[in-house]
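Everything on this sheet refers to the single structure shown next.
Any read-out appearing in this document is the output of simple, stated calculations on the displayed coordinates, not a laboratory observation. On a predicted model such as this, the values are computed, not experimentally measured, just so you know. Here the Cβ is made from the backbone with ideal geometry for all residues, glycine too, and neighbour counts use every protein chain on show.
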Amino acid sequence: MPDDRVLDAAALKALAHPLRFQLVELLIEHGPSTASGLGRLVGESSGSTSYHLRQLADQGLIEEAEELGSRRDRYWQVPRGGWTLEGFELLQRPDTRDDAQMVLDEVLRARIDRLRRWHRDGAAWGEDWVSATMEMTARFRLTLDETRALRDELVAVVDRYRELQVERREAGTEPAGVAPLIVQLDVFPSGDAPTDARASG
C-alpha cells in the first residue's frame with residue numbers, strides 16, 4: 001500500500017481554498033466524478049469546478065480516472081494512499097503559515113460537519129449500523145513515550161483496515177453491504193503546556 005504523501009508548500013497552497021478542499025472531500029466520499037457532477041453538488045458552474053480540479057491535479061492531489069472518462073467527460077479521482085499535513089511545522093513558517101491554518105480550519109470544519117450529519121441522519125441507517133458505531137472521548141495521564149505508543153497502536157489498527165480495503169479493490173472482491181466509513185482519531189495533550197517540555201517525558 002502506498003505511504004501517505006506529506007504535503008509540500010505547493011500542494012498546500014493548491015489545497016488551501018475552501019472549494020478545492022470541498023471537491024477533494026467529495027471525491028473521497030463519493031468516488032470518481034466529473035466537473036459538472038461536482039459542480040451540481042457544490043452549486044458551482046462546471047467551468048469553475050474544472051479550473052479548481054486542474055489546480056488540484058497539477059499538484060497530484062487528484063488525478064484523471066482515465067478508465068471512466070470519455071472524449072466528452074473527464075472523471076477525476078483521489079489517488080490511492082492518503083496525505084499528511086505536518087501542521088505544526090508549517091504553521092511556524094512564514095511562507096506556509098496562512099495556507100496551513102486555512103487547511104487545518106477546513107479539516108476541523110469537515111469533521112464537525114460529518115459528525116453533525118451522522119447525528120441528524122444516523123437513525124436512517126438502522127439499529128444494526130448504529131450499534132456498530134462509536135463516539136468516545138477518553139482521558140488519560142500518560143508519559144510522552146506512552147503517548148507515542150498509544151498513537152502507534154491506533155494507527156496500526158487503522159492501517160490494517162486500509163490494507164484490507166486496497167486488497168479487496170485490487171482483487172475485485174469487495175463484498176456486498178460495504179459503506180463509506182469515517183474514522184477520526186485525535187491524540188493530544190490537554191491543559192497548559194509544561195514550563196519545561198523536557199519534564200513531560
query = Mean residue ellipticity at 222 nm from the helices of the chain, using -39,500 (n - 2.57) per DSSP H segment of n ≥ 4 over the full residue count, to the nearest 500 deg cm²/dmol?
reply = -16500 deg cm²/dmol
Between the stretch 128-155 and the stretch 18-32, the alpha-carbon center distance in angstrom = 27 Å
task = List every DSSP H helix in the chain whose Cα atoms extend 27 Å or more along the helix's own long axis and whose mean Kyte-Doolittle hydropathy is at least -1.0.
result = 144-171
request  = Can you figure out the FRET efficiency of L185 with S70, using R₀ = 41 Å and their beta-carbon distance, to the nearest 0.05?
outcome  = 0.55
message = Out of the GluC sites (Glu not before Pro) in the stretch 84-135, which ones are loop residues according to DSSP with at most 16 other C-beta atoms within 10 Å?
response = E86, E135
query = Using modelled backbone amide H atoms (1.01 Å from N, in-plane), which distant-in-sequence or interchain residues come within less than 5 Å of T34's amide H?
reply = W76
key: Gyration tensor (alpha-carbon) shape descriptor, the stretch 59-108, a/c threshold 1.5   = prolate
message = Can you report the principal axis dimensions of the stretch 1-123 using only the alpha carbons, biggest first, rounded to whole angstrom?
response = 44, 39, 33
